[in-house]
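**Student:** Just dropping this structure here.
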Amino acid sequence: MRMLLLSTALIALIGPALAQDAIKPTMVTPDTLTWQDAKALPKGAQFTILMGDPTKAGEVFVQRVKLPPNYQVPAHIHPYAETATVISGTVYFGMGEKLDMQNGTMLKAGSFYAMPPRHAHYAWTTDEGVIVQIQATGPSGIEYINPADDPRK
């Protein structure tokens, strides 16, 4: 019993220290961002990486995704849990395996959401674009519920 308590205490003390070492001091200003086409999303979306490498397993990354006005992201899942904050604009998020613009939640700038791994969801914009900041632990990925929706194919 004493060994179990000692092990638990060591893990509780060392775990946060190890996690802190994984994140390096980073400062990014909006004028230094380099946006790229998001080939895993329908044409028109862009992304930029603020920190980390989304392709590396176990690495924390932060990215921003820019969706134009009148845009749709079909139902999909990610292999990771994600948290996100709407930086600017308005986006609608829905849960389920098919995009349904009658069932979603409007998220304006400042809104936050958290999504568990492999949870089916979709998104769309109306008359304004949006920038969403996503935090997760790699590797990144997206799998469309309907394979015909995947723009990479």
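The values are calculated or read from the model by the stated rules, or taken from the named source; none is laboratory data. Note that the structure is a prediction, hence the values are computed from the model and not measured. Quick reminder, even Gly has a Cβ in these numbers, built from the backbone with ideal geometry, and neighbours come from all protein chains shown.
**Student:** How many residues does the stretch 137-153 hold that are more than 12 Å from the chain's Cα centre (by Cα) and either at pLDDT 95 or above or within 20 Å of residue 92 (Cβ to Cβ) (or both)? Before you say what the answer is, go through the steps one by one.
**Tutor:** Taking the stretch 137-153 first, the residues more than 12 Å from the chain's Cα centre (by Cα) are 143-153.
Next, from what is left, pick out any that are either at pLDDT 95 or above or within 20 Å of residue 92 (Cβ to Cβ) (or both): 143-152.
The qualifying residues number 10.
**Student:** Let me ask something else about it. Is it the case, given these coordinates, that residue 43 is among the basic types (Lys, Arg) and over 13 Å from the mean Cα position of the chain (by Cα)?
**Tutor:** So residue 43 passes the test.
**Student:** Please state which of the following conditions residue 83 fails to meet, knowing it meets all the rest: (1) of a type in the set (Ser, Thr, Tyr); (2) more than 13 Å from the chain's Cα centre (by Cα); (3) surrounded by fewer than 16 Cβ atoms within 10 Å (Cβ to Cβ).
**Tutor:** Among (1) of a type in the set (Ser, Thr, Tyr); (2) more than 13 Å from the chain's Cα centre (by Cα); (3) surrounded by fewer than 16 Cβ atoms within 10 Å (Cβ to Cβ), residue 83 violates only (2).
**Student:** Go through the stretch 95-111 and give me each residue that's more than 25 Å from residue 49 (Cβ to Cβ) and crowded, with 19+ Cβ neighbours inside 10 Å.
**Tutor:** Going residue by residue through the stretch 95-111, those that are more than 25 Å from residue 49 (Cβ to Cβ) are 95-106.
Within the stretch 95-111, 99 is the sole residue that qualifies.
**Student:** Among residues belonging to the stretch 21-32 that are free of Cβ contacts under 8 Å to residues at least 24 places away in the same chain and assigned to a helix (DSSP H, G or I), point out the one that is surrounded by the fewest Cβ atoms within 10 Å (Cβ to Cβ).
**Tutor:** It comes out as 31.
**Student:** Now for a different question. Go through the stretch 112-136 residue by residue and tally those that are within 10 Å of the chain's Cα centre (by Cα), of a type outside the set (Gly, Ala, Ser) and surrounded by fewer than 19 Cβ atoms within 10 Å (Cβ to Cβ). Talk me through it step by step, then tell me what you get.
**Tutor:** Narrowing the stretch 112-136 to residues within 10 Å of the chain's Cα centre (by Cα): 113-115, 132-136.
Among the residues that remain, those that are also of a type outside the set (Gly, Ala, Ser) are: 113, 115, 132-135.
From what is left, the residues that are surrounded by fewer than 19 Cβ atoms within 10 Å (Cβ to Cβ) are 113, 133, 135.
Looking only at that region, the number is 3.
**Student:** Name the strands (runs of 3 or more DSSP E) wholly within the stretch 33-122 that hold at least 2 residues that are in contact with a Gly (Cβ under 9 Å, 6 or more places away or on another chain), free of Cβ contacts under 8 Å to residues at least 40 places away in the same chain and aromatic (Phe, Trp, Tyr)?
**Tutor:** Numbers: elements: 46-51, 60-67, 72-77, 82-95, 105-108, 112-115.
Result: 82-95.
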